[in-house]
Amino acid sequence: MEQRVLGRSGLVVSRLALGTMTWGRDTDEDDAAAQLSAFRDAGGTLLDTADVYCEGASERIVGRLLRDVVPRSEITLATNAFGRAGAGAMGRGASRGHLLATLDASLSRLHTDHIDLWQLPGYDPDVPLEETLAAADHAVSSGRVRYVGVANYCGWQLAAAATWQRSWPGRAPIVASQVEYSLVERGVEREVVPACAHAGVGLLPWSPLGRGVLTGKYRYGTPSDSRAASPQLAEFVGRHLDEAGSRIVEAVATAADGLGTSPLAVALAWVRDRPGVVAPIVGARTAAQLVASLAAEQVVLPVEIREALDDVSAPPLGYPERR
């Protein structure tokens, strides 16, 4: 698997990341182990989790697998800080107290002494940005974190954070931005993608398959074993099951037929090679599903197909994005 530099940093990661949102709920530990082994064998290195995934079960499984299945030294470990650390004002959001407590809890669940990429939660309007970023500085200076990213920041928030961190020597630079990005969700192209390019921040798209919609599994209905049929994820997936999404899915399916590959591979290759993208994060309930995503590594979209997909999925742009 090709390796890419993450943002304006010295960190090199695989151009596909393995997500673990379902580990501990829809994916048991044996299947998670099979996924991680297949990912490593394919040359994958970037493993992404979060403290809130399955109420901490995902991080606990990751910790055990990096101890017993795949050596910790072979994996670039990323986690997100989202959950509550405790009751009271210091136990929530992006406060310094909450973030550092969350980090310590993640390290314990993951059975490691450091996180390679620690991703701060979505912007918290109730906490000064400089307080949030000071927690990241402390995490890096204390050796518990190597690199820092953000998750779900809009353009101005990302630009403000990246500029603040680079304005004074010794602060930990923002090197990654984790955002939803796919053929059915291109809103980040308005402000986030240009902000990343300007600040030297690498993009890590989550749900690069449009929450599963771009695989084509919902073209003729909702399979009983799909995420859209799940009480926990029906609303999550349903956002992209609309008329606009259907047009894009049909275009992806047509491209896949012409190339002799799967809609999954077409959709994943499209976002993987977008400007600024370093590594789409793919999640799978089973090892077989992951193998299908890994197969997309060999797919390169012809210019004509890429342009056709660009056109059918183009997001609306106006002032001041387009002048």
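Odds and ends about this structure:
- Within the stretch 92-144, restricting attention to residues that are modelled with pLDDT of 95 or more and in a loop (DSSP other than H, G, I, E, B), the residue that is surrounded by the most Cβ atoms within 10 Å (Cβ to Cβ) is Thr112.
- Of the numbered criteria (1) of a type in the set (A, V, I, L, M, F, W, C); (2) closer than 20 Å to Leu203 by Cβ; (3) part of a helix (DSSP H, G or I); (4) under 21 Å from the mean Cα position of the chain (by Cα), the one Ala292 fails is (2).
- Selection of first residues in the stretch 297-323 that are on the phi < 0 side of the Ramachandran plot and of second residues that are of a type in the set (S, T, N, Q) and not in a helix (DSSP H, G or I), restricted to Cβ pairs under 6 Å at least 6 apart or on distinct chains, gives the following pairs, ordered by first then second residue: Val299/Thr261.
- Which numbered condition Ala162 fails, given (1) in contact with a Lys or Arg (Cβ under 9 Å, 6 or more places away or on another chain); (2) modelled with pLDDT of 95 or more: (1)
- The stretch 278-289, subset part of a loop (DSSP other than H, G, I, E, B) and not hydrophobic (A, V, I, L, M, F, W, C), residue surrounded by the most Cβ atoms within 10 Å (Cβ to Cβ): Pro280
- Counted residues, the stretch 253-288 - those being of a type outside the set (Gly, Ala, Ser), within 29 Å of Asp31 (Cα to Cα) and in contact (Cβ under 8 Å) with a residue 60 or more places away in the chain: 11
The values are calculated or read from the model by the stated rules, or taken from the named source; none is laboratory data. Note that the structure is predicted; figures quoted are calculated from it, not measured. So basically every Cβ, Gly included, is an ideal-geometry build from the backbone, and we count neighbours across all protein chains shown.
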